[in-house]
Every structure is written in structure tokens, then in C-alpha cells.
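First comes the structure, then the notes that go with it.
The values are calculated or read from the model by the stated rules, or taken from the named source; none is laboratory data. Keep in mind the model is a prediction, meaning the values are calculated, not measured. Glycine gets a Cβ as well: all are built from the backbone with ideal geometry, and neighbour counts include every protein chain shown.
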Amino acid sequence: MKGSLVIAERELPAILRSRQTVWILLAVASIFAATVLLKWPESGVASLSGDQAKATFRSLALSMLAAVVLIIPAFPATGIVVEVRRRTMELLLNSPLRRFEIFTGKAIALLGFVLILLTVTLPAMACCYAMGGISFTNDVLVLYGFIVIVCLQLIVLGVLVGTFAGSPESALRCAYGCTFALVVVTLIPWQFLQGFEGWMGNYAGLLRKLSPITALLELLNDSGLETVGLSTQENLFAAYLWSAAIFVVVGSIVCISRLNYSLLDRSRSQGVITDDRTAAARSVRRVFFLIDPQRRKAGIPGFLNPVLAKEFRSRQFGRLHWLLRLIAGCAVMSLLLTLATTMGTVDWGVERIGGIIIVAQVALIVVLTPGMAGGMIAGEMESGGWNLLRVTPLSASKILRGKLMSVMLTLMLVLCASLPGYAIMMAIKPDLQQQVIQVLVCLVLSAVLSLLLSATVSSFFKTTAAATTVSYGLLITLFAGTLIVWANMNAPFGHYFVEQVLSLNPMAGALNAIRAEGFESFNLVPRTWWISGSACVVLLVVLQLRIRHLCQPD
Amino acid sequence: MSSASNPVVEIEKLTKRYGEFVALDNLSLTLNRGDILGFIGPNGAGKTTTIRILVGLTRPTSGSARIAGSDCVADARKVRQLVGYMPDKFGSYDNMRVREYLDFFGAAYGIARKQRQLRVAEVLEVTNATWMQDRYVESLSHGMQQRIGIARTLLHNPDVLILDEPANGLDPQARIEMREILLRLASEGRTLIVTSHILPELARICDRVAIVANGQLKALGTLKEVTGQLTQRRTFEVQCLQSDQLPAVENIVKQFFHDDTEVSVSTAEGIVRFRTSASDELLSELLKQIVNSSSLITQFRELVGDLEEAFISATQMSASAEPAGAAK
């Protein structure tokens, strides 16, 4: 245990010394202070019923969960990879420290950071408590205990991802992808399948118990919540605690077992080329890959932007052979869902199917885009490639066009994959044509906005990891954060406020257009188009100016 | 390619300031076609700043830099076609094979596809790297990456090659290969500017040397000229036919100078070696005395100056000239 403290003593000050940490703590403190201020009674006297305090407490609790979900995964995920890259992991593994101590040391340091983060929220929580109506032991202490457990789960998840990842960027992508899956995606099936008998309904019910959102909502005991299907007689809080405890124990064991020399012993493929293999191997690979990444490629055609070709060839995430599989999967899934409805095997209705396809597509966009666009400029800065590009005759606009198009084409392919599904929907219900067009416009805007946001963020950072983290944070806030407000409609947020917030989210626009459950009462289209479109134009202008500036002599 | 009579690189009163800090101070130098300039100086001396100005990555505060008559700031696009630049950081892209990597940069320089394929094959051959064309760039060793870096700079057939620390981190074998590649390129008529901290290596390949310290040019010329400028003492060797004559020659040298001239004897080589700041007239007088003595000598020669010594002299001079408390 002494060894764990040695690690923690080194790690915690290192986390606290970074400028990002200071900004994070400042931002959290400001947001929590603002939340209390917004809810503070105008007359200076709180109502005896305690409704105001409860509403404030609810907002603070949700903000706290959102804050830890957005902030925590980045630290453990990159921690291990950075140690491996800097070769300090070699020193640790060669020291008398045991693997268990290395893991717990890191976890203690991160928990220390979590406690500091939570301390920053205490003044806001104290104000809320002072308003009366909430219990210190039953509400405040339980909430903080719950958030610490969520953080512990996210820390284990992050470290686990870090032991598999080869680079800080991929660690971030996977960590946020897994966190997003754990917190949000687990709720989606229930959103569409609640009330269903049979295995699908059961699985959806089981899955949602894994999400901390479900547990938190039960903790808040919010009967006024309009979040469909979340009010239940089951003890969802206890179920989540059990699942988190099992995850932490099993995850920690796996993490400790993976902290060994295999982390340092990852040989890089020297590059066996398919053209040099036997005819049989070539044939198999042709069928298996469709576009074989190992074949010898022809030169970049003269008409093609070389940066576009380079981006497709050099990125690990989103290479063509994987994209084709992904798109094929999307197309098959959307077709199956639509066919199931058409043939009457599932009584879902077009709106529900459309909702699932929209959420799945935007989830893909959110997972894919920062991974591809986050390192667009920052990655070049980090590797030294940017200076090489600057000394070529390529203009700033050509570089930017090539980079943006490389991601945009990928995202468009993902969107196109669902077109067969929409086509069948329109065949079933021809009057849906207008709605489907509106949905497609919203989805295209979601993709363009995600891309431009990530690319702009990338142009302001010098490391891919930082740019990717910030991009994920912003996109998750935009697409999932606004849905938290929606999930709390009427308690505490009113319809008008929710509508205003949802206008920022083009995915909400798409769900509104398809008349998905819970979104029928809003009038988001075309307002969300104008807002997203304007944001895209502003981001594009900022990005162009930034790239032009970066291409100028220093 | 520019004509041989005109200077290829012209740097005139180049100054770069970052706030109060002067990175480059009135630096001027000229290079002709086929010159190999060894550009040396301590860390932070202004080498990289000069190079970055030449390739259009940094704007000078004042002064000008021209490549083949084109201004590095005003005609930046033209200069990019004239210069091949290899920074000290390689700049690799993940998942790209060597051929793809070079193909991309060839396309970036606007070389047509068919011509590009031939060119990629040519530069790989020049740098002895054809065998690694299908390897992933990031899986290559440092020495191999340096070769690919040079191949990349050659793609668009530039007049001037600017190589920042090409020998850095290379093993002796790779260093020899790098030296051969650079000499071959110079023999093709290209002008090379090479920075390095491995001074004996530079001394072997460069026909001109520029030493910068604190942003100022401390010495410029051939290796002999620079060492002459910066080192006050020259080293001479007197080779005797028989080793038993060495003490006599040693005595003559010692008695002739009567000062702090360092004299040493290598019995194994049959050589008396001495370092002196004496003029050529005095040295011819010494030679006359040795010849007139009974000693049989086979050679009396001056050794080529040591670049390391010149470098240390230059940096010491600049350190003593620097005002107390001056900080970067």
C-alpha cells in the first residue's frame, strides 16, 4: 500500500499542476454557482414547501453527473498510454512496486482529483442546502457518495481502455465512446421498447440499469419526470450500484493483470504487402476486405486533392475498409428495422423506427467525428507534419479543403447507409416524404456541425489528445447534454426553455421532424436549421482564418 | 537550376527579434552553387531561425534572404519549389508506407502522376532506400527515416537543400552512408546547408563553414579560414627519419620559441608536434634551423584546424562579449 501512495503522491500534484485542470475547476465552479444563482428565490425567501431547493438540488445533481462524465474519462485513459509512450512505465515496472500498487496509486490520485472537483461544487450545494427542503444525509451525502462511485467506475473504465490503446488519441476515443455507451446508449433501447413484453423489453430494461442516469433519477425521486419509462417500482439505484461494483472489481482485476511488459512490447507491423503474397492469399483478402488496406496503392491522381488522399491513407480510425463494413452494418440494420415494421412483425410504427435510426446515426457521428477531425490540425502540429505541409506549394485553402472533405465524405457515407431504410419508410407511408427530407437535412447539419466544431477546436490545440477531448466534450454537451434538459422537462425546466435548448441540437430537430415520442410537442424545424447553419458558417469562417494564420510565416 | 555565376543563397543583414530577445542579429552570408555549408553554433544560436526564414516558415524582422534571386518572404511560393527542407523532426504519418508518403509529397509539389512515380523511384535509389519502399514510415529506425527525409526533400528536384541535423542520432554506419549521400548530392550541383552538432562529421563534408553564436555570424569561410580566424594557434608536425633524432628536434623547437608553445613528441610516429601563434616568417626560420642541424627530417607540415576548437573559441568569445545578466 505504501507503493500506491508513492505513485499517488507523484500523480496527483502532476494533475493539479496542469493548466487544463485549473480551467476545468474554474469552469465547474462557475457553472455550479450560476445554477444556484438562477434558482435563487428573487425575494430572498425560500418557499416552505422546499420545491425551489429540490429543483435546485436536481439541477446540481444532473450537472454534477454531466461534469464527471465529461471530465473524468480523459485522465485515466491517457495516463497509461502517456506513461508507455514516455517510457516511464518501463521504470515503474522495473521498480519494486507491484502492479497492484501501480494501479491503486493511479486510482487514488484520480480519486483525489475527483474529491477536489467535488469540493469545488460544495459552495453551490451549501447554498442549495441553506434554502431548506433537502436532507443532508438522505440527499446531499448520498448524492456525493453516488458521484464518487460513478467516478470510480469511470476511472476503472479509463485505465482499462488505456491498457489496450496504442496512442493517447485512440485511448480518448475509446474511453469517451465506452462512457457514452455506458451512460447514454444503455438508455436508448428502453426509450423505444418500454412496455414491451418478451426478451427485447427485458433486455432493454436490464440494459438501462447499467446507466448512472437511471440511478440518479431514482435517487432524485422525481415523480414529475417526464422521461418516458424511467418511473418504475424497481430499485434502479441499488441495481446500478451492484452493476458498478461488479464492473469496478472485475475491471480492476483485468487492469492489474494487463499492467505488465506486454504494454511495452507492441511490435509494429513492418508492412507485408498483399501484392507480394500468394494468389490464394490475395483472393481471400480481396473477398474479405473489398478494399484491401495492405495492397500497393497507385499514385494519387492529379485531379484529387493530395491532402484528401493522404488523410484517407494515414488515419487509423475511419479507413476505407472499416468504413465499408460499418456502412454495410448500418444499412443492414436500418433495412431490417424498417422491414420488421413493414411486415408487421414488430408493432413499432415508423416514428419509433425513424427515432432509433436517427439516434444511432448521430451517436455514430459523435463517436467518429472527433476521432477523425480532432487530430486534423493538432495531429499535424504534434508530429511536425504541419511545417512540412507549409513548405509545400499547397495553399491554406487546399489543405483545409482536403482535410474537411476527407471527414465529410466519411460522414456522408455513414448517413447514406440509412437511406434504404428511409426509402422503405416513404414507400410505406408516402406522406412521410416531407418529414424524411427534413430529417435528412437535420442529419447533414449534425454531421457538418460536428465536423466544423471538431476541426476548429483542432486548429487551436497542439496535441491531438487535448483537441480530441475538447471536441468530444463539446459534441456530447451539444447532442446529449441538451437531451438531459429535455429529459427534465416540467421538472425543473419549462416547455419553452426546453424548446429553446433543443433548437441548438440538430438531432432534436430530426427527432421532432419524424415526430418521435417525446418530441412531438416541439416546433424545432426550421429554427434548428437556421441556428445550426449559422453556427456552421461562423465556424467555417473562424477555421479558414485560423488555417490561413497558421500557414503564414511566424 | 540557377546559373553557376550567380549566388544561390543570399542572406543580407538578417535580423529576427522576439520581443526583447534578438534571435538573429544582422546576419549576412552568400552561397554559390554546389557549396556545402556547415552551419554550426550552440543551442539557441539562431541556426534554426535562419533556416526557417530561408524556407518561408518565419518572417524576418529586417533584412532579406533570397534563394536563386527570389525573396523568401515576397516570393514564398517560388522559393518552396527551389528549396528542399528537412527539419530536425521527421514528420511522419501513421499507417503510410514509404512509397505512399513520398507519393503524397510529390503530389503536394504538383508533380504529375506518371512523372511522380519515376521520381519517387529515383529519389529512393539516390538515398539507397528502395528496399524499404513498402515499409511503414513510423516503423523505420531513425537512420532510415532520415534517409526518407532526404528523399522527400529531393522529390521536386530543388536547387538548394536545407538539412537540419541530418546526422543526429545516427549510428556510425548510417552516418557514413548519410555523408556519402550528401556528397553525391553536392556533386550534382546542389547547394547544401547542413546544421549539425557532430562537428568532425561536418568537417568531412563541408567546403564552407559558418559559425553563429547569439544570433551573430562569428566566422564564415573554408574550414581552414575559419579555424585560422578563430584559433590563434596553429598545429605543426615535424616528421623525422629516425626516432633517435626526435629529442634534438624537440630541443630546437623549444629553444627557438622560448614561449608557451606546446611541444610534444610521438616516438611511435616519429613526430614532433607543436602549437604556435608564430608568423609564417618565423616558421620558415625554424625550418631552416632544423634543416641546418644534423637531423634528417622527412616532413614539415601544418595540420588542418580543428572545427571543434574553432567552435569552442567562437562560443567562448560570444560568451565573454555577452553583457552580464543577459538572458534569453
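Can you pull out every residue in the range B:64-122 that is of a type outside the set (Ser, Thr, Tyr), in a strand (DSSP E or B) and facing chain A (nearest Cβ under 7 Å)? Hit for the range B:64-122 is B:97, nothing else. Read through the list (1) touching a residue at least 60 places away in the same chain (Cβ under 8 Å); (2) within 11 Å of chain A (Cβ to nearest Cβ); (3) of a type in the set (S, T, N, Q), then give the number of the only condition that residue B:50 fails. The one condition residue B:50 does not meet is (2). Counting only residues that are within 23 Å of residue B:78 (Cβ to Cβ) and crowded, with 22+ Cβ neighbours inside 10 Å, which one in the range B:40-50 is farthest from the chain's Cα centre (by Cα)? Within the range B:40-50, the match that is farthest from the chain's Cα centre (by Cα) is B:49. Residues that are surrounded by fewer than 21 Cβ atoms within 10 Å (Cβ to Cβ), away from chain A (no Cβ under 14 Å) and part of a helix (DSSP H, G or I) do occur in the range B:156-173, at least one of them. Any idea which residue in the range A:295-312 is nearest to residue B:134 (Cα to Cα), counting only those that are over 33 Å from the mean Cα position of the chain (by Cα) and surrounded by fewer than 20 Cβ atoms within 10 Å (Cβ to Cβ)? Going through the qualifying residues, I end up with A:296.
Among the residues of the range B:126-133, are any β-branched (Val, Ile, Thr), in contact with a helix residue (DSSP H, G or I) (Cβ under 6 Å, 6 or more places away or on another chain) and facing chain A (nearest Cβ under 9 Å)?
Narrowing the range B:126-133 to residues β-branched (Val, Ile, Thr): B:126-127, B:130.
Still in the running and in contact with a helix residue (DSSP H, G or I) (Cβ under 6 Å, 6 or more places away or on another chain): B:127, B:130.
From what is left, the residues that are facing chain A (nearest Cβ under 9 Å) are none.
The answer is no; no qualifying residue exists.
Taken together, the criteria exclude residue A:41 from residues that are modelled with pLDDT of 85 or more and either over 15 Å from residue A:118 (Cβ atoms) or outside any helix (DSSP H, G or I) (or both).
If you check residue A:107 against the conditions, is it buried (at least 16 other Cβ atoms within 10 Å of the Cβ), modelled with pLDDT under 90 and part of a helix (DSSP H, G or I)? No.
State whether the residues of the range A:150-171 include one that is under 15 Å from residue A:247 (Cα atoms), in a helix (DSSP H, G or I) and among the polar types (S, T, N, Q). Checked against the condition, which is being under 15 Å from residue A:247 (Cα atoms), in a helix (DSSP H, G or I) and among the polar types (S, T, N, Q), the range A:150-171 yields at least one hit.
Within the span defined as the range B:229-252, one or more residues are touching a strand residue (DSSP E or B) at 6+ places or on another chain (Cβ under 7 Å) and within 30 Å of residue B:21 (Cβ to Cβ). Against the list (1) without any contact (Cβ under 8 Å) to a residue 24 or more places away in the chain; (2) of a type in the set (A, V, I, L, M); (3) in contact with a strand residue (DSSP E or B) (Cβ under 6 Å, 6 or more places away or on another chain), the condition residue B:268 fails is (3). The number of residues in the range A:505-554 that are surrounded by 15 or more Cβ atoms within 10 Å (Cβ to Cβ) and within 14 Å of chain B (Cβ to nearest Cβ) comes to 3.
Here the range B:184-215 is the region considered, the condition is being free of Cβ contacts under 8 Å to residues at least 60 places away in the same chain and either among the aliphatic types (A, V, I, L, M) or assigned to a strand (DSSP E or B) (or both), and the residue that is surrounded by the most Cβ atoms within 10 Å (Cβ to Cβ) is B:185.
Quick one: would you say residue B:66 is surrounded by 17 or more Cβ atoms within 10 Å (Cβ to Cβ), farther than 27 Å from residue B:146 by Cβ and in contact (Cβ under 8 Å) with a residue 40 or more places away in the chain?
Details: surrounded by 17 or more Cβ atoms within 10 Å (Cβ to Cβ): yes; farther than 27 Å from residue B:146 by Cβ: yes; in contact (Cβ under 8 Å) with a residue 40 or more places away in the chain: yes.
Yes, satisfied.
Quick one: which helices (runs of 4 or more DSSP H) sit completely within the range A:346-402 and have at least 1 residues that are without any contact (Cβ under 8 Å) to a residue 12 or more places away in the chain and within 14 Å of chain B (Cβ to nearest Cβ)? Please lay out each step first, then the result.
On the way: elements: A:349-373, A:378-383, A:385-390.
Of the helices (runs of 4 or more DSSP H) lying wholly inside the range A:346-402, those with at least 1 residues that are without any contact (Cβ under 8 Å) to a residue 12 or more places away in the chain and within 14 Å of chain B (Cβ to nearest Cβ) span A:378-383, A:385-390.
Name every residue in the range A:121-133 that is surrounded by fewer than 19 Cβ atoms within 10 Å (Cβ to Cβ) and farther than 16 Å from residue A:28 by Cα, in order of residue number. Working first, answer last.
Going residue by residue through the range A:121-133, those that are surrounded by fewer than 19 Cβ atoms within 10 Å (Cβ to Cβ) are A:122-123, A:126, A:129-130, A:132.
Listed by number, the residues that qualify are A:129, A:130, A:132.
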